[in-house]
1. If I go through the range 22-48 residue by residue, how many of them are in contact with a Lys or Arg (Cβ under 6 Å, 6 or more places away or on another chain) and at pLDDT below 90?
2. What pairs come up if the first residue lies in the range 59-71 and is closer than 11 Å to Ser24 by Cα, the second is surrounded by fewer than 15 Cβ atoms within 10 Å (Cβ to Cβ) and modelled with pLDDT under 90, and their beta carbons are under 8 Å apart, counting only those six or more places apart or on different chains?
3. Lys80 passes all but one of (1) of a type in the set (Lys, Arg); (2) surrounded by 16 or more Cβ atoms within 10 Å (Cβ to Cβ); (3) within 24 Å of Lys12 (Cα to Cα); (4) out of contact with any helix residue (DSSP H, G or I) (no Cβ under 8 Å at 6 or more places or on another chain); which number fails?
4. Return the total of residues in the range 15-42 being surrounded by fewer than 15 Cβ atoms within 10 Å (Cβ to Cβ) and in contact (Cβ under 8 Å) with a residue 40 or more places away in the chain.
5. If you take the residues in the range 30-64 that are more than 10 Å from the chain's Cα centre (by Cα) and aliphatic (A, V, I, L, M), which one is nearest to Val76 (Cα to Cα)?
6. In the range 102-132, what residues are over 17 Å from Leu83 (Cβ atoms) and in contact (Cβ under 8 Å) with a residue 24 or more places away in the chain?
7. Scan the range 68-92 residue by residue and report those that are of a type in the set (A, V, I, L, M, F, W, C) and modelled with pLDDT of 90 or more.
8. So, Asp98, is that one under 24 Å from Ser37 (Cβ atoms), in contact with a Phe, Trp or Tyr (Cβ under 9 Å, 6 or more places away or on another chain) and of a type outside the set (A, V, I, L, M, F, W, C) or not?
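The values are calculated or read from the model by the stated rules, or taken from the named source; none is laboratory data. Every value quoted in this text rests on a predicted model; they were computed, and no experiment measured them. Because the Cβ atoms are built from the backbone with ideal geometry, glycine has one as well, and the counts that use them run over all protein chains shown.
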Amino acid sequence: MNAIEKMNKIRKLCTQINGGLQASGYWLSEEDISYLSKQQIQACKIHQMIDFDSHILFDIANTFQKSPYVRYDSFVNCIKEALYIYYGVRRRDHIRYDHEIVMIMYEQYIAHHGIFDLALLQDCIKAVKTNE
């Protein structure tokens, strides 16, 4: 993929994500989306996975914008941390029901008072196994 195609992909993703975020007052810049796309690739590498869907950024952003623990200045970091948890859960259970994982992550995130840590990952995995 050349530089123009990458930029067009980021702009399209930016438009999609920001369309869902406008009501809550959040906004992600093209730089934020580019950074998060790179973090998604890094999370996949760490968890030895390949994921061709960029919609998970949209799903995580739209779900976590509702959190009382997320401030505007920490929103990008929240999405980044959620990406790592998401791929950690998917890797351990080899499952593929994205939106349900995101909803479970959000519930556990709220239960953990907005803290991303190993305990959150473990509780997400337990909750996914319970829902299977």
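1. Keep residues of the range 22-48 that are in contact with a Lys or Arg (Cβ under 6 Å, 6 or more places away or on another chain), which gives 39, 47.
With at pLDDT below 90 added as a condition, the list becomes 47.
Total meeting the criteria: 1.
2. Filtered contacts from the range 59-71: Gln65/Ser24; Lys66/Ser24.
3. Lys80 satisfies all of (1) of a type in the set (Lys, Arg); (2) surrounded by 16 or more Cβ atoms within 10 Å (Cβ to Cβ); (3) within 24 Å of Lys12 (Cα to Cα); (4) out of contact with any helix residue (DSSP H, G or I) (no Cβ under 8 Å at 6 or more places or on another chain) except (4).
4. Our first condition is that a residue be surrounded by fewer than 15 Cβ atoms within 10 Å (Cβ to Cβ); within the range 15-42, this holds for 15, 19, 22-25, 27, 29-31, 38, 41-42.
Still in the list and also in contact (Cβ under 8 Å) with a residue 40 or more places away in the chain: 24-25.
Adding up the residues that qualify gives 2.
5. Ile33
6. Ile110, His113, Lys129, Asn131, Glu132
7. Going residue by residue through the range 68-92, those that are of a type in the set (A, V, I, L, M, F, W, C) are 70, 75-76, 78-79, 82-83, 85, 89.
Passing the criteria: Phe75, Val76, Cys78, Ile79, Ala82, Leu83, Ile85.
8. On the way: under 24 Å from Ser37 (Cβ atoms): yes; in contact with a Phe, Trp or Tyr (Cβ under 9 Å, 6 or more places away or on another chain): yes; of a type outside the set (A, V, I, L, M, F, W, C): yes.
Against the criterion (under 24 Å from Ser37 (Cβ atoms), in contact with a Phe, Trp or Tyr (Cβ under 9 Å, 6 or more places away or on another chain) and of a type outside the set (A, V, I, L, M, F, W, C)), Asp98 qualifies.
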